[in-house]
1. Just the residues that are part of a helix (DSSP H, G or I) and more than 19 Å from residue 26 (Cα to Cα), please, taken from the stretch 79-97.
2. Looking only at the stretch 205-224, which residues are in a strand (DSSP E or B) and either more than 46 Å from the chain's Cα centre (by Cα) or under 18 Å from residue 301 (Cα atoms) (or both)?
3. Any residue in the stretch 273-287 that is touching a residue at least 24 places away in the same chain (Cβ under 8 Å), farther than 22 Å from residue 184 by Cβ, in the same structural domain as residue 192 (by the TED database) and assigned to a loop (DSSP other than H, G, I, E, B)?
4. Counting only residues that are out of contact with any strand residue (DSSP E or B) (no Cβ under 9 Å at 6 or more places or on another chain) and closer than 21 Å to residue 15 by Cα, how many does the stretch 67-98 have?
5. Scan the stretch 177-188 for residues that are surrounded by 12 or more Cβ atoms within 10 Å (Cβ to Cβ) and part of a helix (DSSP H, G or I) and jot them down.
6. Just to verify a result, which residue in the stretch 144-176, among those that are surrounded by fewer than 18 Cβ atoms within 10 Å (Cβ to Cβ) and part of a loop (DSSP other than H, G, I, E, B), is farthest from the chain's Cα centre (by Cα)?
7. If you take the residues in the stretch 30-57 that are in a loop (DSSP other than H, G, I, E, B) and in contact with a strand residue (DSSP E or B) (Cβ under 8 Å, 6 or more places away or on another chain), which one is nearest to residue 102 (Cα to Cα)?
């Protein structure tokens, strides 16, 4: 997947192999970003566009960059949809714009490309929805392009694109985490144990003997033995089940990189359950009571419930 960046700036000053212009169907120049690119590239751009136009919405055409100069070698013209309320396939046409541009870029050997926020100007496509379509289409495209720069013309557009890119990145990270869970036939027994112990904690979140600290003691010679956490049998089963199903990942995510609490609605997404399970179980190697803390706060129960629900839904095809 290409690396995606969001930038507030002037697309005519981009130092990429290609820039995309949000064109009209004639490809002979228009207003907004298209007008700015035509002015920067010079009159030959309109002449070249006329020679290959018209271009239908959702498609793309390429011309030389003319006076834009190196390193920009190509201008890729694409025609976005006009917004008619959203029920006329506008999102599909907009996604096609991005995919067709990237396909053309591959044919031209482009490795870096700059996109404007297509169709958000006079075509009236809502900026928030356009950001979602843009990031999704680019992130899911099979392309040889290595760098994609999304150029916003104002701070509002920049913020919407950046927020959508952050969500997309998070979803990709979630997919990676979930892919580490053992859903093979060999892992079914481990999942059975996790589902069973999750049921126990749902019925009784805390039981006598689940967790206590040994006392800190000092010997006559002054040696101090610091207290350490002791866990009961069902907590030990829960810990082993989390490890066995793959919910404790090899790479430890540090403290500022994952949530440590259950959301107010009590619903913990399974990828977050993996993050918390990893932090909790791996943190216990320091004997600082992280599993006990998770038990007392209800986080351990939420982790087990989330993962058991995820597995049962997957197993039943629901």
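The values are calculated or read from the model by the stated rules, or taken from the named source; none is laboratory data. What you see is a predicted model; the values in this text were computed from it and never measured. All Cβ positions, glycine included, derive from the backbone under ideal geometry; neighbour counts span all protein chains shown.
1. Within the stretch 79-97, the first condition is being part of a helix (DSSP H, G or I), and the residues that meet it are 90-97.
90, 91, 92, 95, listed by residue number.
2. Of all residues in the stretch 205-224, those in a strand (DSSP E or B) come to 211-213, 217-218, 224.
211, 212, 217, 218, 224 - these are the residues of the stretch 205-224 that are in a strand (DSSP E or B) and either more than 46 Å from the chain's Cα centre (by Cα) or under 18 Å from residue 301 (Cα atoms) (or both).
3. Going residue by residue through the stretch 273-287, those that are touching a residue at least 24 places away in the same chain (Cβ under 8 Å) are 273-279, 281-282, 284, 287.
From what's left, farther than 22 Å from residue 184 by Cβ: 275-276, 279, 282, 284, 287.
Right, trim to in the same structural domain as residue 192 (by the TED database) and you get 275-276, 279, 282, 284, 287.
Checking which are assigned to a loop (DSSP other than H, G, I, E, B) leaves us with 287.
Yes, some residue in the stretch 273-287 is touching a residue at least 24 places away in the same chain (Cβ under 8 Å), farther than 22 Å from residue 184 by Cβ, in the same structural domain as residue 192 (by the TED database) and assigned to a loop (DSSP other than H, G, I, E, B).
4. 3
5. Quick first cut of the stretch 177-188, residues surrounded by 12 or more Cβ atoms within 10 Å (Cβ to Cβ) only: 177-178, 180-183, 187-188.
Within the stretch 177-188, 177, 178, 187, 188 meet the criteria.
6. 154
7. The first filter runs over the stretch 30-57 and keeps only residues in a loop (DSSP other than H, G, I, E, B), leaving 30-31, 42, 53-57.
Subsequent filtering for residues that are in contact with a strand residue (DSSP E or B) (Cβ under 8 Å, 6 or more places away or on another chain) retains 53, 55.
Values: 53: 19, 55: 16 Å.
Filtering the stretch 30-57 for residues that are in a loop (DSSP other than H, G, I, E, B) and in contact with a strand residue (DSSP E or B) (Cβ under 8 Å, 6 or more places away or on another chain), the one nearest to residue 102 (Cα to Cα) comes out as 55.
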